[in-house]
1. Would you mention how many residues in region 373-391 are in contact with a strand residue (DSSP E or B) (Cβ under 7 Å, 6 or more places away or on another chain), at negative phi and either surrounded by 24 or more Cβ atoms within 10 Å (Cβ to Cβ) or modelled with pLDDT under 95 (or both)?
2. Does residue 218 fit the bill of being over 36 Å from the mean Cα position of the chain (by Cα), surrounded by fewer than 23 Cβ atoms within 10 Å (Cβ to Cβ) and closer than 18 Å to residue 269 by Cβ?
3. Any idea which of (1) in a loop (DSSP other than H, G, I, E, B); (2) touching a strand residue (DSSP E or B) at 6+ places or on another chain (Cβ under 8 Å) is the one residue 41 doesn't satisfy?
4. Would you be able to tell me the number of residues in region 156-184 that are within 30 Å of residue 249 (Cα to Cα), in a loop (DSSP other than H, G, I, E, B) and at pLDDT 95 or above?
5. Would region 79-87 turn up any residue that is surrounded by 15 or more Cβ atoms within 10 Å (Cβ to Cβ) and part of a loop (DSSP other than H, G, I, E, B)?
6. From the set of residues in region 156-182 that are buried (at least 19 other Cβ atoms within 10 Å of the Cβ) and closer than 30 Å to residue 213 by Cβ, which is farthest from the chain's Cα centre (by Cα)?
7. Is it the case, given these coordinates, that residue 560 is on the phi > 0 side of the Ramachandran plot, modelled with pLDDT of 95 or more and not assigned by TED's automatic domain parsing to the domain that holds residue 470?
8. Scan region 123-155 for residues that are assigned to a helix (DSSP H, G or I) and surrounded by fewer than 15 Cβ atoms within 10 Å (Cβ to Cβ) and jot them down.
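The values are calculated or read from the model by the stated rules, or taken from the named source; none is laboratory data. Keep in mind that what you see is a predicted model, and the values were worked out from it rather than measured. Reconstructed Cβ throughout: ideal geometry from the backbone, glycine too, with neighbour counts over all protein chains shown.
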């Protein structure tokens, strides 16, 4: 999409009515304006019921040296440093199934690939055992011995794995260890670890800081229970004295990790820490960028905390608050948009983040649109930084309190009233007219909805068809395909789903209608079958019927968004109106209409009219010989008395057409674009979309 195109001007006089223009100034604070020096952004977090983004490990890399240590209540404590340009990986010490142990790296890789193919979570490590280096393949991120035991049974019965792993019998490992004392250097600890490994037990070098000075130890064994730990002690006794590892001990167990490289000559240093209160702290020594491989290889400002939260690895990026906003503005808006729109976004984003407090227990916000999008340094530009700096410290307040400064991509021509989303009104979140939202579809191509000779229906982009000048018997244009491989899509959109059909050059189709490419302003979704809808609706709505034969909107709010619906004539009970978006298959907004594609009025013998709603009423075709046969095609093309052709379906299905993208409350980002293009400043934009608010700065 060309976002630098000249934008069509829309007159405020015709769309908003005649009113006086006022220049809105920033109001000095009449009280304490909330401030935040640093913000904590969860990049990975397991918070059931609120947010889930999990990873089995976190891999960091920086051009600078990375200081690695521990975050304590008293502050950060650096233990050691990783060389600049070298990746370093972290995971927690939990229960895993050892599915392979071999001296042959290729065998380890084969076992690892089988684990991945079977949707397992695999790791490849090397170790020293029985006088030789070995490769171990571990599977899983299990928080209890019971969960690990269940996984062990699964992998022990995987015939394909047992063919690939060199005959190794899978075994359960756990986080229970002994330690062998303290060593002044890593080399000395490695020598001791080999001695224990030669006795046939797992042994690993670990970094610790028990008495104010960094030292090394050897963790011996990886037992899942006390009986296993006792067996380790008996087997390792001849190699050296042992003492138990206390539940509250902090350590970083070091392993050579090949999981990401799959190359025997390119191990990555992996540090495994206990699932207790330990919080690993990673900080670039020069204050530069740090890359997190598992988060789309993005690079970030600031530091990182890695811990175990709700039994899963948590990764939190901590950085200066205003610098966080540099990336939020660039993630939420195109950096090439007008400066005043970017400033409006900066103030809204700042206010929204402050309003959240510690909304995610160990973090203020998350990096997804559940909070506000945050793409790291790659999302920053000079224009986004300038927008944040120009509005530094400015927030939106209503009656002396921060507002929940919600925003969405596109208001669909009219923003939501809060009651349409949550079911209760909020005085500063009123529905307002937003005609500039249509800017989203400027420059987009049109798509023809076509009927193929076999009865199939779908969409073809306009530049792959040419009008033949001919029409079919009901007056619809016959189009010729201009290029081989032209695709028929389920929706008027180039997406990743499989095409409905592929056409050859010179073939013909009938154009039923024409529409703009689905976008944030206007969109199409479906058709969905009854079973497809029930699959998503069951997560949000209780008391559903066994099948859906009819689905209709029964109430709409001030902006036209759906407030209530019924299925098969019975009301649907849902937590909040906005939940219909998710319940109905991730619709872009709740401002939609429902096309019951199998519903049609039919006139039978004696001019009796009936309404068909779905599969229960079969359809027949009458041929030229007068013989009635069941309709075989999935699609039906219905011509009404006015000559309008409608694409229907033989079987029950539901198609949604709508406008807007997101909940629609507060600032419309495309609306901000349009107003800025017309010359309005960010203060006007904000006070247009948020009712009766003040822009305040300390």
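1. 1
2. no
3. The one condition residue 41 does not meet is (1).
4. Residues in region 156-184 being within 30 Å of residue 249 (Cα to Cα), in a loop (DSSP other than H, G, I, E, B) and at pLDDT 95 or above: 3 in total.
5. Yes, some residue in region 79-87 is surrounded by 15 or more Cβ atoms within 10 Å (Cβ to Cβ) and part of a loop (DSSP other than H, G, I, E, B).
6. 180
7. yes
8. 146, 150, 153
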